[in-house]
1. Is the stretch B:1-131 best put as rounded, prolate or oblate by its Cα gyration tensor, with a ≥ b ≥ c the root eigenvalues, rounded for a/c under 1.5, and otherwise prolate when a/b is larger than b/c, oblate when not?
2. How would chain B be classified by its alpha-carbon gyration tensor: rounded, prolate or oblate, with rounded meaning a/c under 1.5 and the a/b versus b/c comparison settling the rest?
3. Report the one residue of B:VAL234, B:ALA222, B:PRO155 whose Cα lies farthest in the direction of the positive end of the charge dipole of the stretch B:116-265 (charges on C-beta: Lys and Arg +1, Asp and Glu -1; origin at the Cα centre).
4. One decimal, nm, shortest first: give the distances between the label point of B:PRO155 and those of the same position in the other copies, each label point 7 Å from Cα along Cα→Cβ.
5. Using helices alone, I'd like the mean residue ellipticity at 222 nm for chain B: each DSSP H run of four-plus residues gives -39500 (n - 2.57), total over residue count, nearest 500.
6. Once the other residues with Cβ under 13 Å from the Cβ of B:PRO53 are scored (Lys, Arg +1; Asp, Glu -1), what is the net sum?
7. When the Karplus curve 6.51 cos²θ - 1.76 cosθ + 1.60 is applied with θ = phi - 60°, which whole-Hz ³J(HN,Hα) does each residue of the stretch B:289-298 get, with x for Gly and Pro?
8. Check cross-link reach from A:LYS88 to the lysines: straight Cα distance under 28 Å, and skip same-chain residues fewer than eight apart.
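The numbers here are math on the coordinates, done by the rules we state, and not lab data. Note that the coordinates shown come from a computational prediction; the quantities given were computed from them, not determined experimentally. Don't worry about glycine lacking a Cβ; one is built from the backbone with ideal geometry, like all the others, and counts go over all protein chains shown.
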2 protein chains.
Amino acid sequence: MTGLPAHVDIRDVSLRDGLQIETPIPLSAKLELLAAVAATGVREMEATAFVSPSKVPALADAAELAAELHNFDGIEFSALVASPNGAKRAIAAGLRSIEYVVSAADGHSRSNVGRSSAEATAQIPEIVTIAHDSGAAVEVIVATAWDCPFDGPTPPQRVLDIVTAATDAGVDRLAIADTIGTTTPRRVADLIALVRPRIDGVPLGAHFHNTRGAGLASAYAAVGAGVARLDASVGGLGGCPFAPGASGNIATEDLVYLLRDSGIHVDVDIQAAIAAARVAQQAVGHDLPSSLLRAGDRILG
Amino acid sequence: MTGLPAHVDIRDVSLRDGLQIETPIPLSAKLELLAAVAATGVREMEATAFVSPSKVPALADAAELAAELHNFDGIEFSALVASPNGAKRAIAAGLRSIEYVVSAADGHSRSNVGRSSAEATAQIPEIVTIAHDSGAAVEVIVATAWDCPFDGPTPPQRVLDIVTAATDAGVDRLAIADTIGTTTPRRVADLIALVRPRIDGVPLGAHFHNTRGAGLASAYAAVGAGVARLDASVGGLGGCPFAPGASGNIATEDLVYLLRDSGIHVDVDIQAAIAAARVAQQAVGHDLPSSLLRAGDRILG
């Protein structure tokens, strides 16, 4: 662990990754949650995804939600896409920042988008062109960067191939994602050590799930390895609703606690994040796995 | 983070720290849990505490439990004590390893044992004499090493004073404990960097709770800072039973997962630990916060 960064950017993914496997909630409830998250001071939010409404009914209102985003100042909103068509829909809906997700493992890629990893990688240049022609930014997110639920451990070279294709195509940002919540700090540090020399100055983020308890430890390892952009969701929204208590994304408020008490500055207010987690819990109608939601902050001194 | 140790010793504290704030369970249920934990391959277990039965009714059967320990081969059993009298009772009951807990913060010390931290520290030599005269080993555990629920952050010098008194008195082991689950990786690394030069070759352990989600990250930071002895409980037993889902000790199986996938050897079998966590959940009659209990192991490769 070398020097830690002075500041880490948190992107809140509650509205997309947090809600995508939940029973669909009304747009009004999403806007209430969005307002609560916006009140935390966060600068970036993943608002929705422009994907198949039949596959992800919880995000079928992507265009309607996008039409409301102009009401929230000072936040950069992004939307996830899985194809050139999705990129076009996102931009038509007014998004200025899109995330194109490419699975490094073929098993997950075929299950998720019906294409191999190489086929999905080959579409990066077209998506970059669609975005840049409209003045939008593109991030490529490498999913199943450590493990795939079908194929097991992902060979690092598969991640590096996507990273190289993305930087060659001129993407604006990169991220590596522990899609199924299996990685550990050592594996995080090892992969980042391989990826960083290949990113050619492109900002690198990381995305963790707390499914096996190691999400925050992995996030801290990423920060220690030089990553200063992390995804999180209020309450840890994003766990499987059919396994009560199972952790989803790392909880924004738990991440803020860990970073703050490690001397790292973040834009997110911890009490506002806890309040937003309560709104999220109300919106989905079941308990969320966040630790701070139960324990609260420590006595400061 | 310098080189990681090749091996980490895990001490399972399910029977003591895990059960102490639960509604008392019968001795037969404790022995069933003990057998399940013993089957994990763990080499050390904190079996009970010799403290006031009125203050800790869940452990009032300490002597009865101690009388059964000879049935379990190959495991070093310890018991926690909070006074010279407790040390005498533990040794009379047959324990060969005792832990004397001293709070670094006066607020917690007075609340816990009715004495100041300095008064509790002054009793270390007497407890070492009691133990060593009987051929037993003594560990001094520094409680509230980072924060106190009454006094806030603990000045590191208070921890160092106890460590120095303990090494001067000839203790066999030392540990620092995050009693209320508030510390973070950076604070862990910082305190260990101060403590290690003072321990004079005495083995140093660490004890974390996952109350604010950072328990595993803190444990990994301790390992990275040179600590190769960690406490944990199956299922993460030890949370407050009145706050369902609130995390207690770091879960043995989650810790094993994190260490194994960081290339560190442990004696504990992960599937046996998950099985023991199920026994623990049955014994206490409520859900436990362990992640692996829900998610299981990853696909290995």
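1. Verdict is oblate for the stretch B:1-131.
2. Taking the square roots of the gyration eigenvalues as a ≥ b ≥ c, chain B is rounded.
3. Of the listed residues, the answer is B:ALA222.
4. B:PRO155 label point versus its equivalents elsewhere: 5.9 nm.
5. -11000 deg cm²/dmol
6. Values: positive: B:LYS55, B:ARG89; negative: B:ASP61, B:GLU64.
Net of charged neighbours comes to 0.
7. Ordered by residue, 3J(HN,Hα) equals x, 3, 7, 5, 4, 8, 8, x, 6, 7 Hz.
8. A:LYS30, A:LYS55
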